[in-house]
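The structure appears below as structure tokens.
The values are calculated or read from the model by the stated rules, or taken from the named source; none is laboratory data. Keep in mind the model is a prediction, meaning the values are calculated, not measured. Neighbour counts run over all protein chains shown; Cβ positions are idealised from the backbone, glycine included. Side chains included, ligands, DNA and RNA excluded: accessible areas come from the protein's heavy atoms. Shrake-Rupley method; radii C 1.70, N 1.55, O 1.52, S 1.80 Å.
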Amino acid sequence: MHDFEDEEDPAAVVPTGEDWDRLAELRELFLSSEGGFQTVGYWNSRRDFELYDATFAERIGWKWDAVLAELAQRGRLPAATNVVDFGCGTGIASRRFVAAIPGVKHVYLSDRSKQATWFARDALKLQAPKLELTLHLPRQEDPIDVLLASHVLGELDAEGRAELTALARRAQFVLLVEPGSHLLSRTLGGLREELLDAFDVLAPCTHAATCGMFAAGHDDDWCHFFARPAPEAFTSAFWRHFSTRLGIDLRSLPYSFLALRRKGEPLETRGVRVLGRPRLLKGRALLDCCDTTGVHARTLFERDAKKLFKRLDRSGELLVADARVEGERLVEFRPLGDA
Ligand SMILES: C[S@@+](CC[C@H](N)C(=O)[O-])C[C@H]1O[C@@H](n2cnc3c(N)ncnc32)[C@H](O)[C@@H]1O
């Protein structure tokens, strides 16, 4: 008997010892397949989906929350009626998207595992009973407002990747969320370059210039961010168990992402996007700032930004800012949304 069995939600998944082992196995598989593509399906049973959905997918949901919050903060949320969730798994991406965007009427759930689409359908129906759901990709003549793809790039071979790119080219908006690894972040960067002929970048970039991570001297760097887990990650016995059994630090939720919009009205090019986490030192912090000039480590002195300094170590607080730089020093740094 686990000590979280009597927690408030009676429908909550209560993993057994075998379940934790299976989750560890799945995690190993995800980590080892990253970038080496998975040609063999790995979902074995409905229980796999339940376990995944309560744990890994939930964490992915927190990343989607961060991405959607950033788009909202920057006034760049897409409008959508028809949405495609490519490689949907248990459907966490579409569930988070539908919760955040009013007006979605039709979701296409697509996955090479039919059983995954069934699980995603049931979960989405529970959340939004009126949605029209189709368990395959749209036909050539069907419009795609938003293409969602989440934690799938690393599993795609050349054919899968071509399929995803072709779908992207049919969509008005494309939202891709991936783990915050060097490889997948750079894969996303490559996709960004590839699609820039037809799309503008809504986020994370503040500009449409070539990605600064591809400039000389940045081979070991990558564009990634840290999402803030939901409060229960730090208060519930379930997540404590998850962390202990799987050796995952719940405080760290790295992700990379890309939000594109089909070319239209020019987007404002303004401010710097802070990457990764500020590095706090005595009386100053180092911030990796990205703008049209590329990616640069800048120094923000505490005496120049006293109030702001206290917020620097909170994930998701300082995303885009108007900045004035002298040499390496940020002499002005005003986060978007701050008065
Ligand atoms: C790690 S899971 C992510 C699931 C979900 N998108 C999420 O964020 O939780 C990757 C999913 O992509 C699916 N997948 C892998 N290759 C695919 C392909 N070529 N076409 C469609 N789905 C694929 C897998 O079956 C799996 O459900």
For region 17-262: accessible area per residue (Å², 1.4 Å): 42
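Quick check: convex hull over the Cα atoms of the chain, volume per residue in Å³, rounded to an integer? Present the calculation step by step, with values, prior to reporting the outcome.
Details: hull volume 51.5 nm³, N = 339.
In the chain, the Cα convex hull volume per residue is 152 Å³.
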Computed label-point distance, nm, for sites A158 and T235 using a 7 Å Cα→Cβ extension: 5.2
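Which whole-number value in Å³ per residue fits the convex hull of the alpha carbons of region 272-335?
On the way: hull volume 4.7 nm³, N = 64.
Hull volume normalised by residue count: 73 Å³.
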Additional length obtainable on full extension of the chain from T269 to R303, 0.36 nm per residue less Cα span: 9.4 nm
Under the Karplus curve 6.51 cos²θ - 1.76 cosθ + 1.60, θ = phi - 60°, whole-Hz ³J(HN,Hα) for region 132-145, x wherever Gly or Pro sits: 8, 10, 10, 9, 7, 5, x, 6, 3, 8, 7, x, 10, 7
Label-to-label distance, nm, for residues given as K125 and A69 (7 Å Cα→Cβ offset): 3.2
Rounded to 10°, Cα long-axis angle of helix 237-246 versus longest principal axis of the chain: 90
Acute angle (nearest 10 degrees) that the helix 17-33 long axis makes with the longest principal axis of the chain, alpha-carbon atoms: 50
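Contact order normalised by length for the chain, with contacts defined as Cα pairs under 8 Å and 6 or more residues apart; what percent is it?
Numbers: 582 pairs, mean separation 49.5, N = 339.
Rounded, it is 15 percent for the chain.
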Most fluctuating residue given options G217, G61, G91, as computed from a GNM of the chain linking Cα atoms under 10 Å: G217
FRET E, pair D322, A215, Förster distance 22 Å, beta-carbon r, rounded to 0.05: 0.45
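Set the Förster distance to 25 Å, then compute FRET efficiency between L281 and V331 from the Cβ-Cβ distance, nearest 0.05.
On the way: r = 18 Å, r/R0 = 0.70.
Once rounded, the FRET efficiency stands at 0.90.
Counting helices only, and only those DSSP H runs with n ≥ 4, report the 222 nm mean residue ellipticity of the chain as the sum of -39,500 (n - 2.57) divided by its residues, in deg cm²/dmol to the nearest 500. Numbers along the way, then the final one.
Numbers: 10 runs with 112 residues, N = 339.
After summing the helix terms and dividing by the residues of the chain, the value is -10000 deg cm²/dmol.
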Two-site FRET efficiency, S45 against H296, from Cβ-Cβ distance with R₀ of 51 Å, rounded to 0.05: 0.55
